[in-house]
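K.L.:
Here it is: the structure, laid out below.
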There are 2 protein chains.
Amino acid sequence: MEVRRIEPCCAPITDEALSAEQSQELARAFKVLSDPVRLRLLSLATAAPTGEIRAADLVAPLGRSQPTVSHHLSVLADAGLLLRDQRGREAWFRPVHERLAVLRAALGE
Amino acid sequence: MEVRRIEPCCAPITDEALSAEQSQELARAFKVLSDPVRLRLLSLATAAPTGEIRAADLVAPLGRSQPTVSHHLSVLADAGLLLRDQRGREAWFRPVHERLAVLRAALGE
DNA sequence: CCGACATATCGACGCCTGTCTATATCTGGT
DNA sequence: ACCAGATATAGACAGGCGTCGATATGTCGG
């Protein structure tokens, strides 16, 4: 998916026109959010009481295969929206609120 | 693209987990923003001094064919992010800031 | 009424991406 | 050492989407 770390890239799109490069970078970022499974993973991570989730616990609720869930978690981690914490054979993930804030900021206000 | 009007659909994803339906709806919305041409169109519309843009004036700066630009404008209009104002043979577009705000709100805060 | 302009629609093509099954890798416990 | 559990990787397949050229539709001016 050509995932790239989400970084502050530009003024809010409500303020000034984007360059070709800026729009491409932003589009890549929003593409990460354009899948229902990934959005659900992100919300499950943020809403988790402990603030983190374990990969194995997500397969059943999402109704997708284990490799598919693993794939989406990697996409979110590569984008910097989730932070992977490997503990032995388990993979735990925490949301990175600052990255979400970057995208929110790009939408204006 | 199965575009649908962008509506307030859910609490911020930072607050509580999304349902399958909510995540699908949100994903559809972000998919509209996941293309560089559409992001650029949106920013050009918002940054325009008069607050509106004419379709014909966008072909050259975007470097895409006229049908492609027309297509993307339609996607944005269908999503409710742009408001189409037909004036004779010309099509003018204004940004709908409330729709952008809906997406911003879904990202938290 | 005709030609130039503005936009939308159609059909096709190529690439990208989400999904799966099968398999590999690594870890922890017994 | 072995087995079971957790995760990652590989490969394949199907559907979706951005793009284009060609064409249709509609509008203004002379």
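K.L.:
Normalise the Cα radius of gyration of the protein assembly as shown by 2.2 N^0.38 Å (N = residues in it) and let me know the number. Could the numbers behind the result be given before it?
P.N.:
Values: Rg = 18.0 Å, N = 218, 2.2 N^0.38 = 17.0 Å.
So the protein assembly as shown has a normalised radius of gyration of 1.06.
K.L.:
Sticking with this one: At a Förster distance of 30 Å, what's the computed FRET efficiency of B:Leu83 paired with B:Asp15, Cβ-Cβ distance as r, to 0.05?
P.N.:
Values: r = 30 Å, r/R0 = 1.00.
About 0.50, to the nearest 0.05.
K.L.:
How much length is gained on full extension from B:Thr68 to B:Ala55, taking 0.36 nm per residue of separation minus their Cα-Cα distance? Don't skip to the answer; put the middle values down first.
P.N.:
Values: separation 13, 0.36 × 13 = 4.68 nm, distance 1.11 nm.
Stretched fully, the B:Thr68-B:Ala55 segment lengthens by 3.6 nm.
K.L.:
A follow-up question, please. Whole-Hz Karplus ³J(HN,Hα) for region B:49-59, in order, using 6.51 cos²θ - 1.76 cosθ + 1.60 and θ = phi - 60°, x for Gly and Pro?
P.N.:
After applying 6.51 cos²θ - 1.76 cosθ + 1.60, I find x, 7, x, 8, 9, 9, 3, 4, 7, 9, 5 Hz.
K.L.:
Quick one: which of B:54-63, A:75-84, B:78-87 comes out on top by average Cβ neighbours within 10 Å, and what's the full order, highest first?
P.N.:
On the way: B:54-63: 14.0, A:75-84: 20.2, B:78-87: 16.8.
Going by the mean number of other Cβ atoms within 10 Å, highest first, we get A:75-84, B:78-87, B:54-63.
K.L.:
Roughly what angle does helix A:66-78 make with the longest principal axis of chain A, taking Cα atoms, 0 to 90 degrees, to the nearest 10?
P.N.:
Tilt relative to chain A: about 40 degrees.
K.L.:
Let's see if you can work this out: charge +1 on each Lys and Arg Cβ, -1 on each Asp and Glu Cβ, no other charges. What is the dipole magnitude of chain A about its Cα centre, in debye to the nearest 20?
P.N.:
Around 540 debye, computed over chain A.
K.L.:
Taking B:Ser70 in one copy and the same position in all the others, each labelled 7 Å out along Cα→Cβ, what are the pairwise distances from the first, in nm, shortest first?
P.N.:
In ascending order, 4.7 nm.
K.L.:
Can you give the relative contact order of chain B as a percent, counting alpha carbon pairs under 8 Å and 6+ residues apart?
P.N.:
38
K.L.:
Further, regarding this structure: What number, rounded to the nearest 500 deg cm²/dmol, is the helix-based mean residue ellipticity at 222 nm of chain B, given -39500 (n - 2.57) per DSSP H run of at least four residues and division by all its residues?
P.N.:
Values: 5 runs with 52 residues, N = 109.
Theoretical 222 nm ellipticity from helices: -14000 deg cm²/dmol.
K.L.:
Evaluate the Debye formula for chain B with equal point scatterers sitting on the alpha carbons, no solvent, and hand back log10 of I(q)/I(0) at q = 0.13, 0.14, 0.15, 0.16 Å⁻¹, in q order, two decimals.
P.N.:
Once normalised to I(0) and log-transformed, intensities are -0.50, -0.57, -0.64, -0.71.
K.L.:
Further, regarding this structure: For chain B, modelled as a GNM with alpha-carbon contacts under 10 angstrom, which of B:Ala29, B:Ala45, B:Ala91 fluctuates the most?
P.N.:
In the Gaussian network model the winner is B:Ala91.
K.L.:
Using the Karplus curve 6.51 cos²θ - 1.76 cosθ + 1.60 with θ = phi - 60°, what ³J(HN,Hα) values do you get for each residue of region A:91-100, in whole Hz, with x for Gly and Pro?
P.N.:
Rounded to whole hertz, the list is 10, 10, 10, 10, x, 10, 5, 5, 5, 4.
K.L.:
Taking only protein heavy atoms and a 1.4 Å probe, what accessible area per residue, in Å², does region B:10-50 have with all protein chains in place? Mind showing how you got there, number by number?
P.N.:
Working: 1510 Å² over 41 residues.
About 37 Å² of surface per residue is accessible.
The values are calculated or read from the model by the stated rules, or taken from the named source; none is laboratory data. What you see is a predicted model; the values in this text were computed from it and never measured. Ideal geometry is used to build each Cβ from the backbone, glycine not excepted, and the neighbour counts take in all protein chains shown. Each accessible area value is taken on the protein alone, full model and side chains, heavy atoms only, with ligands, DNA and RNA left out. Shrake-Rupley method; radii C 1.70, N 1.55, O 1.52, S 1.80 Å.
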